[in-house]
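What follows is one structure encoded as structure tokens, with my remarks underneath.
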Amino acid sequence: MKNWKVIAFLSCLVFSTSSFAADSYSFTSNILNIPLVKVNSRYYANVQINVDSIVSVGTKDPSAPSYDVYNATNNQLTIPEVLVGDTSYYNVVITVGKILEVGAECATEAECSTSVNTAAAVYYGPANYLSAIQANYAPGVMSLANTLTNRNRYLISDAATQSNTANYMQVGATYSAANGYAVEVGTMASNTTYSSYLQKLVQVVADGSGYFRIESHLHPNNAIDFDAADGNRLKFRNNFGKASSLYGYVTFAYDSATKRWQAKKRYKYAYTTANSDKGGTTHAVSYTEDTSFTAANYYVNLSNGFFQLVSQASMATPLYVYHSAIDFGIPEFLNPQKVAFVTNDPAPFLSKNSVAATEGTSGNIFRQVNSTYRSQVSNPGSDSATKASADAMLASIKTAVEASGEKLRYSTALYSAYRDATLAHKLVSDTISDGTPGQNLVPYVYFTNEKDTAGKYHPFMVVVNYGNQASPNGLKDIPHPPGDGSGAYPSSKVTRFSNLENYVTTIPMKNYGVVNAVTDNTFTKNLWTDRTKPSLIADVYTYADAADNGILIDGSVMFPAYNNTLVPSHLMGELSASGCHVGQGGGGPHCHFDGYQSGFSLGVYGDADYVNKSHPPLIGFGYDGIALFGKYRSSDKSMLGYNTPLDAFGAHDHDNIGYHYHAHRVSNHKAELLTYTTNMDVLMKGAYIGKTNSIPFFRTNSNFSNNKYMGGTVK
């Protein structure tokens, strides 16, 4: 092939359902990209090889199959068409050199002959929340609510019947420290977007006197206040997070007969700070009644596109309340015992990290990463320059590791896809106490490849993450959140706030193999070693990290399915609709269970992520380096691996993807310490299937100055 033109590498080929694209060849890299090849009775899609030699070049044969055929007897590959530059060559026969990558394996041509059997259809992350809520949404008929129910979500409109021209109260798109978010007016077409719908969704929360404050669903740190200096206009203001200006909220009475909303009381927001033994500052929130509230008993009026408080009932605008078309409550599968909502006061929130301290050329990540890897962190978030550097590093890591006689656990396409997807996650909801909508949730992902003292490579994917989800986290909806450890639960404060964490997570990329039994991995502290029942069996649930055991693609962290009392975490009603909560020590949330729901999912992935794909989405990694994919739904029977059973760890291997976990449902599970069974929608069950004993610094305290595999300078 030395006389063939140099072409750009075509990394993602799209096929029709009846035929496959031509092979493509790059002279400079000597890589042949094969959409489909038949080997004996099996078919393989998305194969990359090196060419050894050309046997012959023929002419176009209309009767030839649309795929390559490999003859193992003479190591020859017959190619119906190969594209080199702008020129096609037909009926080409070559001898095969090194096999570089193999994608999907299929029993039939038809199984592989869909438009989705590309690397991008197997190795892809779910849409980030900001992208997901731009999808079209038709809410359908929404029923009127005659009375308000505590903690329910509603839409508030000036129209007695639902219509495309009705005005709805909505939270503004822009936040300012001086004013908060505007309380605006918006219409809702029959085919709107999820984003527009969520702007209009509010949650009402009752106080002790039977009145209600009104919180934004999309930005739940904010409740409606009034601004006396701005004509008594209503504004969504920060009442549950760190704020540079402290205001408050108004409570309202709703007359279901006249549809009038009347302001009753106002509460001023404040917090006291103290140094935390966990680093940073704690903020203990408090609310005191504003006895000088000048608009008490005023009514809500809508005019000229804004809401304000007016003194006369005759000036009030009738405002109708509609039930939400989407149920954002805790689904029963995450609270199967229907634990009731507790009214304990919230524990103080913590603030110990800032974006400015982490990101940019003056941030601690860029300053601590050494020159070998620094080009991968020159800019935070999605960035073409850092992507080019990361992809180049990935390629060099693969070459170096394989030249030493070892292998990466997965195709470089998987690591690249994970990096691209996780870096795209930005905070959408004003729901983190010290977070700012629009900020990165995963500012950096970079790849390192250092040798140990024996000269062996240990490549890592290093993820810098803040440990929070982009969407409303639902912590204030959790029925029975963890207590803060200040005393017996009935009198303790509970964890309803989250803050930005500062994690530097190292995911091992080398294939260290998999265990045969959970105890093949030895680490000093886990749920089983902390057991109080000596006879408790060490299994995939109990022989698990006592803390986090993996990371999700939005930057949240995973915990085992069991909690530290060695029973399934969802039984106490302590999880949000995303399957997460903040633990007893406070901080950022962590996720024990899979929050996927059909329809508009509150988890990290949803139905839209399966469209035109051949495998469930890539949603995370265990700390053992094993990738985690979304669950197989009943409608996914044609997807790769659907018929390959998951093992006891919740993992399987198929189609040359490599051993990987799947989120999945465990039905009728009986924990050893319980007398009854339950269904569990798990992410990782708990135990690691990847061998961990040879992974440097596995689950030990490390930093840039003592762990060279993080990419710092170790003296």
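Values for this structure:
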read-out: Enumeration of residues in segment 578-589 that are within 28 Å of residue 675 (Cβ to Cβ) and either assigned to a loop (DSSP other than H, G, I, E, B) or touching an Asp or Glu at 6+ places or on another chain (Cβ under 9 Å) (or both); value: 579, 581, 583, 584
read-out: Qualifying residue in segment 379-386 (condition: of a type in the set (Asp, Glu), within 22 Å of the chain's Cα centre (by Cα) and not in a helix (DSSP H, G or I)); value: yes
read-out: Filtered residues of segment 221-239 (kept if surrounded by fewer than 23 Cβ atoms within 10 Å (Cβ to Cβ) and either of a type in the set (S, T, N, Q) or part of a loop (DSSP other than H, G, I, E, B) (or both)); value: 231, 232
read-out: Which listed residue is part of a strand (DSSP E or B), among the charged types (D, E, K, R), more than 14 Å from residue 317 (Cα to Cα) and without any contact (Cβ under 8 Å) to a residue 40 or more places away in the chain, from 268, 264; value: 268
read-out: Residue in segment 73-83 that is assigned to a loop (DSSP other than H, G, I, E, B), touching a strand residue (DSSP E or B) at 6+ places or on another chain (Cβ under 6 Å) and surrounded by fewer than 16 Cβ atoms within 10 Å (Cβ to Cβ) present; value: yes
read-out: Residue identified as within 23 Å of residue 469 (Cβ to Cβ) and touching a strand residue (DSSP E or B) at 6+ places or on another chain (Cβ under 9 Å) among 431, 422, 372, 412; value: 422
read-out: Index of the failed condition, residue 570 passing every other in (1) in a loop (DSSP other than H, G, I, E, B); (2) surrounded by 17 or more Cβ atoms within 10 Å (Cβ to Cβ); value: (1)
read-out: Matching residues in segment 554-587 - criterion: being farther than 11 Å from residue 334 by Cα and either in contact with a Leu (Cβ under 7 Å, 6 or more places away or on another chain) or assigned by TED's automatic domain parsing to the domain that holds residue 283 (or both); value: 554, 555, 558, 560, 562, 564, 566, 567, 581, 582, 586, 587
read-out: Residue among 166, 177, 173, 132 that alone is over 29 Å from the mean Cα position of the chain (by Cα) and surrounded by fewer than 21 Cβ atoms within 10 Å (Cβ to Cβ); value: 166
read-out: Helices (runs of 4 or more DSSP H) lying entirely in segment 92-194 (those with 3 or more residues that are within 30 Å of residue 256 (Cβ to Cβ) and charged (D, E, K, R)); value: none
read-out: Number of positions in segment 147-163 that are closer than 19 Å to residue 205 by Cα, surrounded by 11 or more Cβ atoms within 10 Å (Cβ to Cβ) and not hydrophobic (A, V, I, L, M, F, W, C); value: 7
read-out: Matching residues in segment 61-79 - criterion: being closer than 20 Å to residue 50 by Cβ and touching a residue at least 40 places away in the same chain (Cβ under 8 Å); value: 67, 68, 77, 79
read-out: Only listed residue being touching a residue at least 60 places away in the same chain (Cβ under 8 Å) and either polar (S, T, N, Q) or assigned to a helix (DSSP H, G or I) (or both), chosen from 542, 529, 524; value: 542
read-out: Cross-chain or 6+ apart pairs with Cβ under 7 Å, segment 685-696 first and over 25 Å from residue 631 (Cβ atoms), then among the hydroxyl-bearing types (Ser, Thr, Tyr) and modelled with pLDDT under 95; value: 693/522
read-out: Some residue of segment 597-607 being farther than 27 Å from residue 521 by Cβ, at pLDDT 95 or above and of a type in the set (D, E, K, R); value: no
read-out: Any hit, segment 107-128, residues being of a type in the set (S, T, N, Q) and modelled with pLDDT of 90 or more; value: yes
read-out: Segment 350-378: number of residues that are surrounded by 15 or more Cβ atoms within 10 Å (Cβ to Cβ) and part of a helix (DSSP H, G or I); value: 10
read-out: Answer from 646, 628 - the residue that is in contact with a His (Cβ under 6 Å, 6 or more places away or on another chain), under 30 Å from residue 533 (Cβ atoms) and at pLDDT 95 or above; value: 646
read-out: Matching entry among 390, 403 (being modelled with pLDDT of 95 or more and out of contact with any Phe, Trp or Tyr (no Cβ under 7 Å at 6 or more places or on another chain)); value: 403
read-out: Residue match in segment 198-212 (condition: of a type outside the set (Asp, Glu), in contact (Cβ under 8 Å) with a residue 40 or more places away in the chain, in a strand (DSSP E or B) and in contact with a His (Cβ under 9 Å, 6 or more places away or on another chain)); value: yes
read-out: Yes/no for residue 695 being modelled with pLDDT of 95 or more, over 21 Å from residue 644 (Cα atoms) and aliphatic (A, V, I, L, M); value: yes
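Rundown of residues vs (1) closer than 14 Å to residue 588 by Cα; (2) assigned to a helix (DSSP H, G or I); (3) β-branched (Val, Ile, Thr), yes/no style:
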site: 414; (1), (2), (3): no, yes, no
site: 418; (1), (2), (3): no, yes, no
site: 421; (1), (2), (3): no, yes, no
site: 431; (1), (2), (3): yes, no, yes
site: 435; (1), (2), (3): yes, no, no
site: 446; (1), (2), (3): no, no, no
site: 470; (1), (2), (3): yes, no, no
site: 473; (1), (2), (3): yes, no, no
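Residue-by-condition table, conditions (1) assigned to a loop (DSSP other than H, G, I, E, B); (2) modelled with pLDDT of 85 or more; (3) surrounded by fewer than 13 Cβ atoms within 10 Å (Cβ to Cβ):
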{"site": "3", "(1), (2), (3)": "yes, no, yes"}
{"site": "6", "(1), (2), (3)": "yes, no, yes"}
{"site": "10", "(1), (2), (3)": "yes, no, no"}
{"site": "36", "(1), (2), (3)": "no, yes, no"}
{"site": "45", "(1), (2), (3)": "no, no, no"}
{"site": "49", "(1), (2), (3)": "no, yes, no"}
{"site": "52", "(1), (2), (3)": "no, yes, no"}
{"site": "56", "(1), (2), (3)": "no, yes, yes"}
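Residue-by-condition table, conditions (1) touching a helix residue (DSSP H, G or I) at 6+ places or on another chain (Cβ under 8 Å); (2) surrounded by 24 or more Cβ atoms within 10 Å (Cβ to Cβ):
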{"site": "612", "(1), (2)": "yes, no"}
{"site": "615", "(1), (2)": "yes, yes"}
{"site": "621", "(1), (2)": "yes, yes"}
{"site": "633", "(1), (2)": "yes, no"}
{"site": "638", "(1), (2)": "yes, no"}
{"site": "642", "(1), (2)": "no, no"}
{"site": "648", "(1), (2)": "no, no"}
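Rundown of residues vs (1) over 25 Å from residue 318 (Cα atoms); (2) touching a Ser or Thr at 6+ places or on another chain (Cβ under 9 Å), yes/no style:
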residue	(1), (2)
253	no, no
272	yes, yes
276	yes, yes
284	yes, yes
297	no, yes
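The values are calculated or read from the model by the stated rules, or taken from the named source; none is laboratory data. Keep in mind that what you see is a predicted model, and the values were worked out from it rather than measured. For neighbour counting, all protein chains shown are included, and Cβ atoms are generated from backbone atoms with ideal geometry for every residue, glycine included.
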